[in-house]
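Encoded as structure tokens, the structure appears first; notes follow it.
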Ligand SMILES: *[C@@H]1O[C@H](CO)[C@@H](O)[C@H](O)[C@H]1NC(C)=O
Ligand SMILES: *[C@@H]1O[C@H](CO)[C@@H](O)[C@H](O)[C@H]1NC(C)=O
């Protein structure tokens with residue numbers, strides 16, 4: 001072989017080996033005018049797993065007791081949203097105009113709850129699903145002579161009909177619902193069962209309810225009140241859908257529910273593996289669809305880090321990994337823990353000042369995967385992520401050993417026990433010299449041979465803040 005050919009082959013081999021260039025993605029303001037993801041608490045984990053929190057009942061007094069803790073013990077983390085999930089409203093009908101109303105057996109004074117929360121610097125969230133009630137077909141939409149039944153038909157399986165979103169009166173119905181929320185002092189709307197994406201769980205969901213997201217956004221805009229719109233669950237990530245979510249929602253769920261459903265603990269590690277794999281898919285799709293800038297923030301579902309293992313269902317190291325990844329993603333930090341039963345580890349994770357400084361960073365720059373050894377973006381048991389670098393050259397790096405794949409982790413490998421996770425700056429797509437600060441250990445670490453290395457147990461991770469040195 002001629003020397004030139006050898007030289008060319010060597011160059012080609014190097015090109016195959018070299019990590020792909022890093023395409024930095026950043027978050028811009030959401031459509032609702034928010035520059036960071038929501039932080040707070042949502043009731044659903046405790047509703048769905050009553051054995052995990054026997055003292056909790058889904059009613060006004062119990063919710064208020066939970067949410068008061070946001071203001072008393074977690075104030076350092078600026079956790080403001082107190083979000084009521086499914087079941088706060090009357091299940092099968094609206095008021096005289098078909099508007100959604102509180103179930104007063106559980107929430108006797110919703111405006112009173114909102115005032116109480118506001119007096120403590122907190123905010124109120126409510127839960128809705130698309131469509132009007134089948135029981136309300138004969139009612140007239142507020143401010144019109146149009147009956148609900150003339151613009152809403154069929155049965156989507158949630159005691160509701162399916163709107164014809166081309167009818168102007170349908171927007172008027174949404175406006176009337178949101179205006180009443182405004183009068184009550186609502187600050188956050190979770191809109192569930194949105195398709196394409198939401199799985200059919202015994203419902204009969206129409207293939208595309210994205211118009212509902214647009215209608216709720218328009219209703220929020222006309223109300224004049226700043227409210228977040230969070231859409232759920234496991235929303236479709238095709239370019240067409242993703243652009244609709246990005247243009248109309250402040251946050252979007254990336255996966256199905258995380259909670260254990262009727263178990264003694266709130267979450268299982270295998271489900272967390274699935275959630276992290278769904279975030280990976282989401283941000284890789286986001287890079288493809290949006291390139292440099294994304295507006296909508298990911299909602300990875302409830303952050304079950306506040307309680308000890310007997311309630312949370314995950315170890316301390318795994319809880320730290322949850323916190324690390326929710327922060328890394330710039331995701332909603334909405335805990336589903338029993339706030340009346342927080343342990344010191346949970347309070348530490350939720351209020352750690354340096355971790356929250358990272359959250360301020362990832363509110364601008366979400367983490368994306370960079371496989372150790374290649375810089376690719378595939379699912380891996382031993383994984384690395386990078387957020388940024390920012391214009392100042394700062395970055396956040398996460399290293400993790402997710403443990404043997406329990407089925408939905410996407411990587412399918414099964415390396416048991418402690419593993420060395422090592423990523424080079426080249427793998428990360430970075431060059432230059434950095435001071436590497438380990439957030440949870442609160443110390444600077446040494447970088448040798450252009451790589452960062454950690455020995456990590458199954459489920460453990462490291463959260464690192466890099467500043468150019
Ligand atoms: C509803 O009908 C009544 C009686 O015909 C009419 O006076 C009123 O203007 C109508 N309202 C609207 C909003 O169209
Ligand atoms: C880490 O290094 C930076 C830059 O040298 C320094 O400012 C900072 O105080 C160090 N932090 C710790 C915890 O040692």
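Key figures
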{"item": "Between the range 455-469 and the range 170-218, the alpha-carbon center distance in angstrom", "result": "39 Å"}
{"item": "Where only alpha carbons of the range 190-251 are counted, the Rg and the Dmax (Å)", "result": "11.6, 37"}
{"item": "Alpha carbon convex hull of the range 294-434, projected area averaged over orientations, nm²", "result": "9.4 nm²"}
{"item": "Principal-axis tilt of helix 3-17 within the chain, Cα atoms, nearest 10 degrees", "result": "30 degrees"}
{"item": "Estimated FRET transfer efficiency (residue 64, residue 243; beta-carbon r; R0 51 Å; 0.05)", "result": "0.85"}
{"item": "Least to most buried among 274, 370, 357 (fewest other Cβ within 10 Å first)", "result": "357, 274, 370"}
{"item": "Neighbour-count ranking [beta-carbon atoms within 10 angstrom, fewest first] of 142, 261", "result": "261, 142"}
{"item": "Potential extension, residue 292-residue 451 segment - 0.36 nm per residue separation minus Cα distance", "result": "54.6 nm"}
{"item": "Dmax and Rg, reported as Rg then Dmax, of the range 344-407 (C-alpha, Å)", "result": "13.9, 40"}
{"item": "Gain in span if fully extended, residue 391 to residue 144, counting 0.36 nm per residue against the direct Cα distance", "result": "83.7 nm"}
{"item": "Point-to-point label distance, residue 115-residue 208, nm (Cα→Cβ direction, 7 Å offset)", "result": "4.6 nm"}
{"item": "Exposure proxy order (Cβ contacts within 10 Å, fewest to most) of 254, 195, 362", "result": "195, 362, 254"}
{"item": "Between 0 and 90°, nearest 10: helix 210-223 axis offset from the chain longest Cα axis", "result": "70 degrees"}
{"item": "Helical mean residue ellipticity (222 nm; -39500 (n - 2.57) per DSSP H run of 4+; nearest 500) of the chain", "result": "-9500 deg cm²/dmol"}
{"item": "Cα long-axis angle, helix 110-119 against the chain (0 to 90 degrees, to the nearest 10)", "result": "50 degrees"}
{"item": "Separation of the residue 91 and residue 469 label points, Cα + 7 Å toward Cβ, nm", "result": "6.0 nm"}
{"item": "P(r) weight above 12 Å for the range 67-122, C-alpha pairs, percent", "result": "69 percent"}
{"item": "R0 of 25 Å, Cβ-Cβ distance residue 264-residue 344: FRET efficiency to nearest 0.05", "result": "0.70"}
{"item": "For the range 165-316, diffusion coefficient by Stokes-Einstein and Kirkwood Rh (Cα), 20 °C, 1.002 mPa s, µm²/s", "result": "127 µm²/s"}
{"item": "For the range 371-468, the spread of Cα positions along each principal axis, largest first, Å", "result": "40, 26, 21"}
{"item": "Antiparallel bridges, percent of DSSP beta bridges restricted to the chain (to nearest 5)", "result": "60 percent"}
{"item": "Contour minus Cα-Cα distance for residue 315 and residue 35 (0.36 nm per residue)", "result": "97.6 nm"}
{"item": "R0 of 22 Å, Cβ-Cβ distance residue 406-residue 442: FRET efficiency to nearest 0.05", "result": "0.10"}
{"item": "Gyration tensor (alpha-carbon) shape descriptor, the range 68-225, a/c threshold 1.5", "result": "prolate"}
{"item": "Of all DSSP beta bridges in the range 27-177, antiparallel share, percent nearest 5", "result": "45 percent"}
{"item": "For the chain: span of alpha carbons on each principal axis (Å, largest first)", "result": "85, 51, 39"}
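Every number in this text was worked out from the coordinates using simple rules, so none of it is lab data. The structure displayed is predicted, hence computed values, not measured ones. Neighbour counts are summed over all protein chains in view; Cβ atoms, including those assigned to glycine, are modelled from backbone coordinates with ideal geometry.
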